[in-house]
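Step one of this worksheet: look at the structure below.
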């Protein structure tokens, strides 16, 4: 695979923040500050933000009943690329609206525009984050969020993992909007069914979006819009320390520390107060320009080389998983057919 083609926005779009709607503010505060080790700013009774770096906001927690991730903010490197992305969306007849000054301020950006995204995750675009020199009060030393931390290879704040019965359509969405590239596939067996996961990158991070095909399963086992989201610590010591804090604080640890087959990231998975999982990882593969020039997608068998074993599974956790799966039956999967190719 060669470098960016003319007109491509690949490499210029990075995951910048997420918006979560929840009523469980006490749990989210304890989860973010005391367990995972993030910087927490409580702005009001109904608004809380987490910082990872000098961006004013990386996680925005707003009071609401969804108990879900409802929006993803994507940072665009320059105004020309920004306009190119918006033109693509408008060309398909998809409505684009500008966020209010109040919404932009809460997200820690100067201005933002939004349009519909798959699984009901609103896609929000911005170019200029609000930065702050206020000291970080967090239990971890550093989070990997920028190119400066990876030798100039822009990477964004992490990735989203989404389950869907229309994996091709979801890939088309991110391909059309962001010129996402396919990194690789993983084949994994779940209850006797083969689950194929495709990994899409928008920059040098191995993947900014992971797409799990649940078309062969009788029901989508995930109630929430995402199965998990990922953030990356700066050191192995921080990874292990946060793992122990999550357990000692009483939050559900879904999968123990392990290493993935494709991006080689060491990580663990815990359950957020809203029900989707958070993967905390360290040292994944970076697709540098040198690797980009020769990259070819590969299919890996199994998601982990070692580890990532279920933690503390019992009848109660199995029943909770069943209830979440049943809840997903009541939901129609939200799609954006004008972009995903169902025209």
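The values are calculated or read from the model by the stated rules, or taken from the named source; none is laboratory data. In this text, all values refer to a predicted model and were calculated from it rather than measured experimentally. Note: ideal-geometry Cβ built from the backbone for every residue, glycine included; neighbour counts use all protein chains shown.
Quick notes
- Only listed residue being surrounded by 15 or more Cβ atoms within 10 Å (Cβ to Cβ), over 23 Å from residue 175 (Cα atoms) and touching a residue at least 24 places away in the same chain (Cβ under 8 Å), chosen from 38, 43: 38
- Taking each residue of the range 116-140 that is in contact (Cβ under 8 Å) with a residue 24 or more places away in the chain and on the phi > 0 side of the Ramachandran plot and looking for partners that are surrounded by 15 or more Cβ atoms within 10 Å (Cβ to Cβ) and not in a loop (DSSP other than H, G, I, E, B) with beta-carbon atoms closer than 7 Å, six or more apart or interchain, yields 119/162; 119/164.
- Here the strands (runs of 3 or more DSSP E) wholly within the range 197-303 that include at least 3 residues being under 25 Å from residue 179 (Cα atoms) are 209-213, 228-232, 298-301.
- In the set (1) in contact with a strand residue (DSSP E or B) (Cβ under 8 Å, 6 or more places away or on another chain); (2) surrounded by fewer than 17 Cβ atoms within 10 Å (Cβ to Cβ), the condition left unmet by residue 118 is number (2).
- Residue match in the range 248-259 (condition: without any contact (Cβ under 8 Å) to a residue 12 or more places away in the chain, surrounded by fewer than 18 Cβ atoms within 10 Å (Cβ to Cβ) and under 25 Å from residue 18 (Cα atoms)): yes
- In the range 292-305, the residues that are closer than 24 Å to residue 257 by Cβ reach residues that are modelled with pLDDT of 95 or more and assigned to a loop (DSSP other than H, G, I, E, B) with C-beta atoms within less than 7 angstrom, at least six apart or across chains, in these pairs: 300/261; 300/262; 302/261; 303/261; 304/261; 305/261.
- Just one of the listed residues (280, 311) is more than 17 Å from residue 162 (Cβ to Cβ), modelled with pLDDT of 60 or more, surrounded by 14 or more Cβ atoms within 10 Å (Cβ to Cβ) and under 19 Å from the mean Cα position of the chain (by Cα), namely 280.
Matching residues to (1) closer than 28 Å to residue 236 by Cβ; (2) out of contact with any strand residue (DSSP E or B) (no Cβ under 9 Å at 6 or more places or on another chain); (3) assigned to a loop (DSSP other than H, G, I, E, B); (4) modelled with pLDDT of 95 or more:
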residue	(1), (2), (3), (4)
177	no, no, no, yes
182	no, no, no, yes
185	yes, no, no, yes
195	no, no, no, no
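- Flag if residue 235 is more than 18 Å from the chain's Cα centre (by Cα) and in contact (Cβ under 8 Å) with a residue 40 or more places away in the chain: yes
- Restricting the first member to the range 81-96 and to residues that are on the phi > 0 side of the Ramachandran plot and in contact (Cβ under 8 Å) with a residue 60 or more places away in the chain, and the second to residues that are surrounded by fewer than 15 Cβ atoms within 10 Å (Cβ to Cβ) and outside any helix (DSSP H, G or I), no beta-carbon pair is closer than 9 Å while six or more apart or on different chains.
- The residues on offer are 111, 90, and the sole one that is in contact with a helix residue (DSSP H, G or I) (Cβ under 7 Å, 6 or more places away or on another chain), modelled with pLDDT of 95 or more and either more than 25 Å from residue 29 (Cβ to Cβ) or surrounded by fewer than 22 Cβ atoms within 10 Å (Cβ to Cβ) (or both) is 111.
- Of all residues in the range 60-71, those satisfying the criterion of being assigned to a strand (DSSP E or B) and surrounded by fewer than 22 Cβ atoms within 10 Å (Cβ to Cβ) are 62, 63, 68, 70.
- Qualifying residue in the range 191-202 (condition: free of Cβ contacts under 8 Å to residues at least 12 places away in the same chain and at negative phi): no
- Only one of the listed residues (57, 12, 22) is more than 25 Å from residue 140 (Cβ to Cβ), crowded, with 21+ Cβ neighbours inside 10 Å, under 19 Å from the mean Cα position of the chain (by Cα) and in contact (Cβ under 8 Å) with a residue 12 or more places away in the chain. That residue is 12.
- Selection status of residue 326, buried (at least 20 other Cβ atoms within 10 Å of the Cβ) and either modelled with pLDDT under 90 or assigned to a helix (DSSP H, G or I) (or both): no
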